[in-house]
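Here the structure is laid out as structure tokens; the discussion comes afterwards.
The values are calculated or read from the model by the stated rules, or taken from the named source; none is laboratory data. From a predicted model like this one, the values you see are computed outputs, not experimental measurements. Cβ placement follows ideal geometry from the backbone for every residue including glycine, while neighbour counts extend to all protein chains displayed. The area values use the complete protein model at the heavy-atom level, side chains included, leaving out ligands, DNA and RNA. Shrake-Rupley method; radii C 1.70, N 1.55, O 1.52, S 1.80 Å.
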Amino acid sequence: MQTVTRFEASLLRLLYYFLGREPAESALPLVEERRTPPPCLGRPAVRLVQDALAKGCVVLLARRGGWREERHLRGDRVAEGRLWRRTPPAELGLPFSRHTLDFLVWITAARPGDRAPNWQPDEAELADGDRILLYFAHQGLRETAESLGAADLGRRQPFVQHGLCWLAYPEDYTAAPTDAAPNFAPWTAGVGAAMLEALQPELAARWVQIEASKGSISEWQRMRDLGRSQERVLTAFLDAVEQAGRLDLARFLLRAAHRLLGPHADAGWWIGGMTSAGPRLADRAATYQSALALLRLIPRLQTWERRARSVGYFDEGYQASQLWKADWEQYEGDALHDRAQAIMRRLDPMRQA
């Protein structure tokens, strides 16, 4: 029997909620309360935190996509199978730092929007385990009311540079500072890339959800803010995976586009809810561009496929190029590109004029 204090019990309950082991109804009210943190946590509580992190993060990653039979790059070759078959288990360890425990103490003691007690570590100091826990926590805290300041996470370090949070929830970063940029370096190599592989189905579903929600947006300013945030994160992400030679990590975009751009895709699905696209022609052009942020980046994916065709059997990167060609063909990339172009032409303000 492990004995913990009331503060430690609340901390553990929030952690279990982030890891999917506690219902929101019993955990989220704890976010509303403010508590005085103890000088330190007891050894029993620390052991329970360590046990929950070691098991919970791995289980979530396995459930959300790690169990799927997929093909991804491992060096200069393609590996197939479930995540733990593609990568030796010894290379899948999730290290955590003191920042995880500091975060749990902070979120238990204060509301997300509080300035004190202060918790804003540099994103570069985080370990891979810290980053994935913060992603799960971001998901959980999005369920809280706006009055609790959950939206402020997108303007607080380290969330303001958290690449995966940006990628999954660009709508939470519409108010991010203009000089803030998502950091994708940890997610394109090593354990970070393996976690991104496992989350491909989740990311595809999120982008389908985001695009589908645009049909209910009526304010053109809101559409522009969302589209700009999407363009910021997608440009940074595609730059990062291209530089790292991991185009396979962008597969979720093809999956999302394949679901969105069926044979009967129509521009109204994106802008049908808007009462006005803006007072001026320039405003309307910017609004339509923002609404089609995902579609406007499909030509870049096609460029990758065209480039892959020129890679010979004995050239460096042949396996990677063949993998992207296979993905492009599987999701009917050329047809997606043509449908996206047709919709963009349909929403060209100059053509409408």
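Observations, loosely collected:
- Dividing the C-alpha radius of gyration of segment 197-353 by 2.2 N^0.38 Å, with N its residue count, gives 1.09.
- Longest DSSP-loop-exposure-free segment, GluC sites (Glu not before Pro), the chain, at most 13 other Cβ within 10 Å: 220-315
- Accessible area expressed per residue, the chain, with surrounding protein chains retained (probe 1.4 Å, Å²): 47
- Scattering curve values for segment 217-291, log₁₀ I(q)/I(0), Debye with Cα scatterers, q = 0.13, 0.22, 0.26 Å⁻¹: -0.51, -1.02, -1.13
- With θ taken as phi - 60° and the Karplus curve 6.51 cos²θ - 1.76 cosθ + 1.60 applied, the whole-hertz 3J(HN,Hα) list for segment 71-78 is 10, 9, 7, 9, x, 9, 10, 9 Hz, x standing for glycine and proline.
- Kirkwood Rh, angstrom, the chain [1 / mean 1/r, Cα pairs]: 21.8
- FRET efficiency estimate (nearest 0.05) - Cβ-Cβ, VAL46 to GLN139, R0 22 angstrom: 0.35
- Taking all Cα pairs closer than 8 Å and separated by 6 or more residues, the relative contact order of segment 1-97 comes to 21 percent.
- Its relative contact order, with pairs defined as Cα atoms under 8 Å and 6+ residues apart, puts the chain at 15 percent.
- For the chain, the 222 nm mean residue ellipticity estimated from helices alone, with every DSSP H stretch of n ≥ 4 adding -39500 (n - 2.57) and the total spread over all residues, rounds to -16500 deg cm²/dmol.
- Percent accessible area from carbon and sulfur atoms, the chain, protein chains only, probe 1.4 Å: 49
- Signed unit charges on C-beta, dipole axis of segment 1-149, positive-most listed residue GLY81, GLN120, GLY42: GLY81
- With Cα atoms, 0 to 90° folded angle of helix 251-260 axis to the chain main axis: 60
- Under a 5 Å amide H cut-off, with hydrogens placed 1.01 Å from N, ARG82 pairs with GLU70 among residues at least 5 apart or on other chains.
- Kirkwood hydrodynamic radius (C-alpha pairs) into Stokes-Einstein, segment 167-235, 4 °C and 1.567 mPa s, D in µm²/s: 98
- Segment GLU219..ALA24, full-extension length gain: 67.1 nm, with 0.36 nm per residue of separation and the alpha-carbon distance subtracted.
- Principal-axis tilt of helix 220-244 within the chain, Cα atoms, nearest 10 degrees: 90
- For ILE217, residues with placed amide H under 5 Å, excluding near neighbours: GLY273
- Cleavage-rule hits (trypsin sites (Lys or Arg not before Pro)) in segment 1-102: DSSP loop, at most 12 neighbouring Cβ within 10 angstrom: ARG34
- Close amide H pairs (under 5 Å, H built 1.01 Å from N) link HIS162 with ASN183, residues at least 5 positions away or on another chain.
- Inter-label distance, nm, simple model (7 Å from Cα along the C-beta direction), SER97/ALA244: 1.7
- Between 0 and 90°, nearest 10: helix 43-61 axis offset from the chain longest Cα axis: 20
- Once the convex hull of all Cα atoms in segment 81-216 is built, its volume per residue stands at 120 Å³.
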